[in-house]
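Engineer: To start, I am sharing the structure in question, which I have written as structure tokens.
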Amino acid sequence: MGKENKNGELVVNDLALLMHRFEEANIQMGKVLQHCAEQEAGMSNLSLSEIHFLAAVAEAEPINGTALTKALGLTKGGVSKMASRLLQKGMIKSEKDSANKKNQYYVLTRDGVTVCNIHKRLHDSAKGCIIHSIEKYDENELELFRTILHSISNAIDESSEDVLPNIS
């Protein structure tokens, strides 16, 4: 095995480890978020998907179901189910367009805002840790790193396109 292949394998192994660590961190952040939501909003049993739904509403409220399907990559049925659960939990409320009563928009309730604020604080904290860890690199090194990340991301997209049609 050549040196280039060995380094390539080491990079792939390091990426796999990094992805695993991100998954673990995501699970831990979910637990912290759930705990904070219970403490600050009296709300328990929110899934990470529901929290990201709330974050999407917060980004563009008032927002309709069609915009949420695009923002979250969900089907209309998926958005409808999640909206129903969050309406029931008191995290969002539904409003009708005054000009066209058929158009339904979602906005956050006070508890929904609280959960989104907790979520944002956790993301900001994680982002701060990452930024702090890469401050030692100069702009050229960071640009190279971004180029490599984009290259890997594109390779994953292409690989997924090749594999997924063959599965079904």
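Engineer: Dividing the alpha-carbon Rg of region 93-134 by 2.2 N^0.38 Å yields what? Intermediate values should be presented prior to the final figure.
Structural biologist: Values: Rg = 17.0 Å, N = 42, 2.2 N^0.38 = 9.1 Å.
Cα-based Rg divided by the globular estimate yields 1.86.
Engineer: Which one, Asn103, Asn26, Asn117, has the greatest fluctuation when you compute a Gaussian network model over the chain with C-alpha springs under 10 angstrom?
Structural biologist: Looking only at Asn103, Asn26, Asn117, the largest GNM fluctuation is found for Asn103.
Engineer: Moving on. Between 0 and 90 degrees, rounded to the nearest ten: what's the tilt of helix 76-88 against the longest Cα principal axis of the chain?
Structural biologist: Roughly 60 degrees between the two axes.
Engineer: Taking every pair of distinct Cα atoms and averaging 1/r, then inverting, what Kirkwood hydrodynamic radius in Å comes out for region 32-109? If you can, show how the numbers build up before the last one.
Structural biologist: Details: mean 1/r = 0.0780 Å⁻¹.
For region 32-109, inverting the mean 1/r across all distinct Cα pairs yields 12.8 Å.
Engineer: If we sort 138-150, 60-72 on the protection proxy, mean other Cβ atoms within 10 Å, highest first, what's the order? Intermediate results must be reported in sequence, preceding the final value.
Structural biologist: On the way: 138-150: 10.2, 60-72: 15.8.
Ranked from most to least packed, the peptides come out as 60-72, 138-150.
Engineer: Could you give the alpha-carbon Rg of the chain over 2.2 N^0.38 Å, rounded to two decimals?
Structural biologist: Working: Rg = 20.3 Å, N = 168, 2.2 N^0.38 = 15.4 Å.
Taking N as the residue count of the chain, the ratio is 1.32.
Engineer: I've got another one for you. Residues of region 28-123: accessible area per residue at 1.4 Å, in Å²? Each step should come with its number before you reach the end.
Structural biologist: Details: 5560 Å² over 96 residues.
Roughly 58 Å² per residue, with all protein chains present.
The values are calculated or read from the model by the stated rules, or taken from the named source; none is laboratory data. Small disclaimer: the values here were computed from a predicted structure and weren't measured. Reconstructed Cβ throughout: ideal geometry from the backbone, glycine too, with neighbour counts over all protein chains shown. For the accessible areas, the whole protein counts, side chains as well, though only heavy atoms, and no ligand, DNA or RNA atoms are used. Shrake-Rupley method; radii C 1.70, N 1.55, O 1.52, S 1.80 Å.
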